[in-house]
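To keep things clear, I will list the structure first and then write my remarks on it.
The values are calculated or read from the model by the stated rules, or taken from the named source; none is laboratory data. What you see is a predicted model, and the numbers here were worked out from it, not measured in a lab. Cβ coordinates were reconstructed from backbone atoms using ideal geometry, including for glycine residues, and neighbour counts include every protein chain displayed.
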Amino acid sequence: MRFGEYYGIQYTAQEDWFDTYLPTDTNLCVDPFLVYSDTDQRWFEAHNHILDFFGLVFGLVRESKGNEQSLAWKQAQALLMFPEPAEFCLGVADGTPNGSGSGRGLQQGMLEGVKTALGLGIDNVPHMEMLGLFQGGMGLDRISDAVCNILKSYFIEYTQDVARRHNVPMQSYRVRNAAWSEEFACWLPREVELPANPFLDKPGPVLLVPKRFLKDIPVVTANGFWGYAWRNHSEELRGNFNYDIARHVDSRQKAKLARQNPDVVAAYLTALEHKDHEPYPVDRDPALRTRWWELGGEIAARSPLPYLPGNQSEFPDFVDAVIQAFRHGIEHQDEWQLLWHRGVSMPEKKIQALFRSCAKHYCKANDISMTGEANAGRGPVDFQFAQGWVARTVVEMKLMSNSKFWDGMLAQTPQYAMSEEVHIAFFVAIAYTDEEMSESQINKVTKAARIASERYKVEIRPIVIDARHKTSASKLKPPQEMRTELHRQDNDEAAA
């Protein structure tokens, strides 16, 4: 359920906030370059706020003189702890938006970056990404974690304004890293009024962000810097690296180049600063990152279930009907287009997210629970359906191109079924190519399911979904044998 749906808000094109999906992280991140270039009064000083934060950190590391036992060093260390902020429901983790780590890896890398910068005579950095380049680069999700922590006070005020404008009730929460103090060189938790996210493991608030700040790929990358350096500063760099082998180096060499040439790093970041940066098109969602819940619901609406469980023995047939409805949408209602973007097929997680949404709409209508990536004793199974304890089954979904496809069929799915004490399990295979949809391959899937069923005394039901590009119905042509049969019957009728 989205924030707007939960709080009864009629979301219109005039709203600039991202209508986040509350139960699960959306695979987008806050990109600092999109914040830096914003001209809105609220965000105009955000870049300076980030620079002031790192100026404080640089001062502490300089004061420590490299002594890791000193108070200044420990204060800098604590400031560079950027826990994943669950309040935003953003990031690369699948599942609940409760955060996946403490941020210690980011902390250590940034500390090393600060030490490197100070050693190069740099007193502060124009962009935090410089610290990452000195260490080989940081992922967009880690950069986003830092931005969301440092600017959390901005996002708190922004969310409060949205809530007041739409009469959304707010509760008092103690929010960690709600602000930072330059005077005391520490993070400050604060009691603030915010809307609730009821889907968190522990009661907590939700924070909203402008959708124009969201990105799915990073602006600053080690590869991007490397390419820029060779295109624009190749002459001065040839003394350090052999150009002939420069295109095939690891992240350590790229970090070395950055440390040896901080002026080139600064020029690279300045060049990026002057480029136009486009946010992820949230409303169009070409990469199936934001609208999978709605699109899954549309599949369910277009494919009503022909079968509903009358008793617990019929429950597996209900789950089968759910999978078949999803399959029908992909194979016969042009939903296959959701699984392709610019000629590239979607990864396994995206298809699972789409199926999760589709299945949840069916389950909600029939008072059936469904959990995604449930822990089935020996690891997470993709989906578990249940109506009470006795009426239960599990579903595993894999791309046929997955290197562990046959392991999933022959070992993992039966193990999940046995761990959950269910007698029937489903293995859904997603085919993207003609080879995967060949008769021999489909027969092999059926054979593998039979072998696994006999071995483990669990019924494994295989279902193959054809997710290949489809030809428009208006352009379809019948096989030649059908034309031949039609002409033969015409001739027979004429002769009679």
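In this structure, does residue 157 turn out to be of a type outside the set (Phe, Trp, Tyr) and either touching a Cys at 6+ places or on another chain (Cβ under 8 Å) or closer than 30 Å to residue 60 by Cα (or both)?
Yes; evaluated as a whole, the condition is true for this residue.
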> Out of region 181-197, which residues are at pLDDT 95 or above, farther than 15 Å from residue 85 by Cα and buried (at least 17 other Cβ atoms within 10 Å of the Cβ)?
Replying inline: 192, 195
>> For region 141-168: of the residues being outside any helix (DSSP H, G or I) and in contact with a helix residue (DSSP H, G or I) (Cβ under 8 Å, 6 or more places away or on another chain), which is surrounded by the fewest Cβ atoms within 10 Å (Cβ to Cβ)?
In response: 168
> So which residues in region 269-278 are of a type outside the set (A, V, I, L, M, F, W, C) and either over 17 Å from residue 341 (Cβ atoms) or crowded, with 18+ Cβ neighbours inside 10 Å (or both), if there are any at all?
Replying inline: 270, 273, 274, 275, 276, 277
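When you scan region 281-299, do you find a residue that is more than 23 Å from residue 19 (Cβ to Cβ) and either buried (at least 17 other Cβ atoms within 10 Å of the Cβ) or in contact with a helix residue (DSSP H, G or I) (Cβ under 9 Å, 6 or more places away or on another chain) (or both), even just one?
No, there is no match, as no residue in region 281-299 is more than 23 Å from residue 19 (Cβ to Cβ) and either buried (at least 17 other Cβ atoms within 10 Å of the Cβ) or in contact with a helix residue (DSSP H, G or I) (Cβ under 9 Å, 6 or more places away or on another chain) (or both).
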>> Among the numbered criteria (1) modelled with pLDDT of 80 or more; (2) over 25 Å from residue 35 (Cα atoms), which one does residue 251 miss?
In response: (1)
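Kindly establish whether residue 222 is in contact with a Gly (Cβ under 7 Å, 6 or more places away or on another chain) and at pLDDT below 95.
Yes: the conditions hold for residue 222.
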>> Among the residues that make up region 377-398, is at least one of them under 20 Å from the mean Cα position of the chain (by Cα) and not in a strand (DSSP E or B)?
In response: no
> In region 171-189, which residues are without any contact (Cβ under 8 Å) to a residue 60 or more places away in the chain and either within 28 Å of the chain's Cα centre (by Cα) or assigned to a strand (DSSP E or B) (or both)?
Replying inline: 171, 172, 173, 174, 178, 179, 181, 188, 189
> What helices (runs of 4 or more DSSP H) lie completely within region 249-314 and have 1 or more residues being assigned by TED's automatic domain parsing to the domain that holds residue 362 and under 30 Å from residue 386 (Cα atoms)?
Replying inline: 292-302
> Taking the stated definitions as given, is residue 45 among the acidic types (Asp, Glu) and crowded, with 18+ Cβ neighbours inside 10 Å?
Replying inline: no
> Quick one: would you say residue 338 is more than 22 Å from residue 11 (Cα to Cα) and within 22 Å of the chain's Cα centre (by Cα)?
Replying inline: yes
>> Name the single residue that is modelled with the highest pLDDT among those in region 59-99 being farther than 22 Å from residue 115 by Cβ and surrounded by fewer than 22 Cβ atoms within 10 Å (Cβ to Cβ).
In response: 83
>> If a residue must be in contact with a helix residue (DSSP H, G or I) (Cβ under 8 Å, 6 or more places away or on another chain) and either in a helix (DSSP H, G or I) or without any contact (Cβ under 8 Å) to a residue 40 or more places away in the chain (or both), how many such residues does region 346-361 contain?
In response: 11
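Give 407, 434 a once-over and let me know the one that is assigned by TED's automatic domain parsing to the domain that holds residue 316, among the acidic types (Asp, Glu), closer than 22 Å to residue 349 by Cβ and surrounded by fewer than 17 Cβ atoms within 10 Å (Cβ to Cβ).
That would be 407, the only listed residue that is assigned by TED's automatic domain parsing to the domain that holds residue 316, among the acidic types (Asp, Glu), closer than 22 Å to residue 349 by Cβ and surrounded by fewer than 17 Cβ atoms within 10 Å (Cβ to Cβ).
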